[in-house]
1. So, in segment 157-175, exactly how many residues are in contact with a helix residue (DSSP H, G or I) (Cβ under 6 Å, 6 or more places away or on another chain) and aromatic (F, W, Y)?
2. Give me the pairs: first residue in segment 84-105 and under 12 Å from H122 (Cβ atoms) and touching a residue at least 40 places away in the same chain (Cβ under 8 Å), second residue among the basic types (K, R) and in a helix (DSSP H, G or I), beta-carbon distance under 8 Å, and six or more apart or on different chains, which are they?
3. When you go through A108, A152, A134 one by one, which is the residue that is over 28 Å from K21 (Cα atoms), of a type outside the set (F, W, Y) and at pLDDT 95 or above?
4. Out of all the residues in segment 118-164, which are among the aliphatic types (A, V, I, L, M) and over 20 Å from V52 (Cα atoms)?
5. Taking segment 12-42 as the search range and keeping residues that are at pLDDT below 85 and more than 15 Å from M143 (Cα to Cα), which one is least open to solvent (accessible area, probe 1.4 Å)?
6. Return yes or no: is V102 surrounded by 14 or more Cβ atoms within 10 Å (Cβ to Cβ) and at pLDDT below 90?
Amino acid sequence: MRYAYISMHVLTFLSCQDKNKEAMLRLVKEWEGKEILFPQNPIFTIQGKDTVDFDFKDSEYKIVTYVDSAGCTSCKLQLPRWIEFMEELESKTKDNVPFVFVFHPKSAKELRHTLRLHGFNHPVFFDEKDDFNALNRFPDDMMFQTFLLDKANKVQMIGNPVLNPQVKELYIEKITGRD
């Protein structure tokens with residue numbers, strides 16, 4: 001049932017060729033309900049320097065995004081848009097929804113600079129060995145490297161809410177119980 005709901009929205013909001021739609025639907029079906037695994041004892045920092053205790057395991061929902069080292073990391077991050085989305089979601093929900101950012105940076109120094117430049121003060125995990133991806137084998141397309149997870153770390157939705165306004169609305173609807 002949930003697959004039909006997600007699939008309907010994917011079809012509705014994507015204006016791709018039929019071949020691309022079919023591939024995306026297969027990808028959504030493959031990831032729906034899949035458990036996302038996390039490396040043991042990931043170390044979260046603020047801007048890559050100050051280590052923080054960041055516990056997201058018992059949250060009803062969490063949004064997890066993985067950013068790999070391919071291409072322009074700062075272009076992919078869209079940090080101002082993430083900040084806006086985090087603030088918007090916080091204003092619409094009574095529960096704190098953790099955002100889990102996992103980066104496999106080409107250059108940790110460049111990423112730290114980008115985080116400071118944008119004043120991004122949210123905990124992030126610098127996964128220099130790419131253990132997170134090794135555990136989960138994420139899709140190559142960055143549009144599908146962000147997930148809405150439930151308490152058991154099962155994928156409820158897949159898609160990047162800062163790159164796709166329709167996905168953003170679906171995340172908000174699911175989290176606020178309007179779906």
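The values are calculated or read from the model by the stated rules, or taken from the named source; none is laboratory data. Note that the coordinates shown come from a computational prediction; the quantities given were computed from them, not determined experimentally. Note: ideal-geometry Cβ built from the backbone for every residue, glycine included; neighbour counts use all protein chains shown. Side chains included, ligands, DNA and RNA excluded: accessible areas come from the protein's heavy atoms. Shrake-Rupley method; radii C 1.70, N 1.55, O 1.52, S 1.80 Å.
1. The total comes to 0.
2. From segment 84-105, the pairs are F85/K168.
3. Values: A108 fails: at pLDDT 95 or above; A134 fails: over 28 Å from K21 (Cα atoms).
After ruling out the rest, the residue left standing is A152.
4. A134, L135, M142, M143, L148, L149, A152, V155, M157, I158, V162, L163
5. My answer is T12.
6. In short, no.
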